Structures are given as C-alpha cells and as structure tokens.
Amino acid sequence: MRVGICVSGQGSNLRNLVARGFEVVAVATNRPSCGGAAFARERGIPLAELSQRAFASVEDRDAAMRDFFIGHGVELVVDAGYDRVHSAPFLEAFGGRIINVHPSLLPAFAGGMDAIEQALAAGVERTGATVHLVTDRLDAGPILMQEPVPILPGDTADSLRQRVHEAEYRLLPAAIRMMEERIAHSPAVG
Ligand code: GRF
C-alpha cells in the first residue's frame, strides 16, 4: 500500500517504516529543516516542503499537500510527528485514511506536544502509545491500537520518551497493516 508521511520532527518513526520495508512513496513537511525531511532527501523519497509562510492560508497549504499526495498515488496518510492539524481540503480528500501516532494512552495526555512530560508530572505508573484515525479534532479521532509503557523509578523525559518510541515502532507498523486490510475493501481516494 502506498503510504504518504507527514513529518515535522526528527523522523524516527519515518525511518522505522522505511527500514521495515513499507512503501513510503511521499513525505510532506511544514518544517523543511527537520530530521524527517533530511532523511527523505537522503533516500530520494519525493518530498514536499510546505512552509506555512509560503501560502496565504492553512487551507491553501493543505490543498498543496493533498495534491502532492494524490499525485504520488498515496492511499494512506501517516502523521508521524506532524505538529499541525489538517484542514478541510486535506480531510475531505483523505478522510478515514489518515492515522496519527501519539505518545500517550489517549484520551490521557491529549492535545499537546508534551504528553511525555505530562505523564511524568502526573505521577502515573504507566503511559503508552496510541494510533488513531485523524479527524478535525486534535488527538480525538477513533482509536485503532494502543500499547502501554511502564514508567519506571528514576525515569527522565528522555528515558521515557525512548521507551515510548520503541512501542511506537511496533504499533505504527501494526496499525498500517490494519488500515491496509480496511482500505482493500473501500473505494479509491479522489
Ligand atoms: C512521536 O513520539 C509521536 O508519537 C509524536 O511525535 C513523535 C515523533 O517522533 N506525535 P519521531 O519524529 O518519529 O522520532
């Protein structure tokens, strides 16, 4: 299945998917200097550099992203450390075919970039990773899969983030395979 990735950060989930042989046919970023974009360039994966400042509106930027992915025959969009919500032009084209990975057991610690720090500060014994369908509501779409991760005595944000990332490297491939099954039985994007 042809996968398009949206990335804003270091891109370790993107690297993991490529290493595992997923058919990553296009990468889009709103942050051209991020590690995920650098990896796409290194590997020769088609890359759309869509800085918001180059567009008059969020909708214009998202329409460009939509056209880029459709042009590369993307069947499933994966937000892998993408730090924006998608607006209507993108959601209307790919609705039901966009998934996001979030570093907590949603609905706990939703709605921000600091879910790891929030879990540590809350003093809970476990957190985890979630893959969910993306809607117009941040971190609130239907949950596809979750994996719990223990919080250990002495954990720092870095050590916990590493353990959560390892869960994500298992969970996201499994969720893509689940979506592949679903998409095989639904009509084409367009
Ligand atoms: C991951 O923890 C993911 O859950 C969150 O952003 C982080 C991206 O990490 N949405 P990476 O860029 O894939 O290393």
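When residues of the stretch 55-70 are filtered for being in a helix (DSSP H, G or I) and without any contact (Cβ under 8 Å) to a residue 12 or more places away in the chain, how many remain? Before the answer, list the steps.
Taking the stretch 55-70 as the starting set, the residues that turn out to be in a helix (DSSP H, G or I) are 58-70.
In the following step, the residues that additionally are without any contact (Cβ under 8 Å) to a residue 12 or more places away in the chain were identified as 60, 67.
So the answer is 2.
Taking only the stretch 152-173 into account, find how many residues are free of Cβ contacts under 8 Å to residues at least 40 places away in the same chain and closer than 19 Å to Val101 by Cα.
Final tally of qualifying residues: 7.
Just checking, how many residues over the stretch 64-105 are within 18 Å of Pro46 (Cβ to Cβ) and of a type in the set (Lys, Arg)? Working first, answer last.
The first filter runs over the stretch 64-105 and keeps only residues within 18 Å of Pro46 (Cβ to Cβ), leaving 64-80, 82, 90, 93-94.
Okay, now just the ones that are also of a type in the set (Lys, Arg), so 66.
Count: 1.
Might you check whether a residue that is under 24 Å from Ala175 (Cβ atoms) and of a type in the set (Gly, Ala, Ser) occurs anywhere in the stretch 54-67?
Of all residues in the stretch 54-67, those under 24 Å from Ala175 (Cβ atoms) come to 62, 65-66.
This time we only want the ones that are of a type in the set (Gly, Ala, Ser), so: none.
No: the stretch 54-67 contains no residue that is under 24 Å from Ala175 (Cβ atoms) and of a type in the set (Gly, Ala, Ser).
Looking only at residues in the stretch 156-166 that are buried (at least 18 other Cβ atoms within 10 Å of the Cβ) and either more than 14 Å from the ligand (Cβ to nearest atom) or hydrophobic (A, V, I, L, M, F, W, C) (or both), which one is farthest from Leu14 (Cα to Cα)?
Leu160
Can you find a residue that is within 14 Å of the ligand (Cβ to nearest atom), at pLDDT 95 or above, farther than 29 Å from His72 by Cβ and aromatic (Phe, Trp, Tyr) anywhere in the stretch 167-176?
Within the stretch 167-176, none of the residues are within 14 Å of the ligand (Cβ to nearest atom), at pLDDT 95 or above, farther than 29 Å from His72 by Cβ and aromatic (Phe, Trp, Tyr).
Those residues that are touching a residue at least 40 places away in the same chain (Cβ under 8 Å), part of a loop (DSSP other than H, G, I, E, B) and more than 9 Å from the ligand (Cβ to nearest atom), I need them from the stretch 1-30; list them, please.
Answer for the stretch 1-30, where residues must be touching a residue at least 40 places away in the same chain (Cβ under 8 Å), part of a loop (DSSP other than H, G, I, E, B) and more than 9 Å from the ligand (Cβ to nearest atom): Met1, Arg2, Arg20, Phe22, Asn30.
The values are calculated or read from the model by the stated rules, or taken from the named source; none is laboratory data. Please read these numbers as outputs of a predicted model, since none were measured by experiment. Cβ coordinates were reconstructed from backbone atoms using ideal geometry, including for glycine residues, and neighbour counts include every protein chain displayed.
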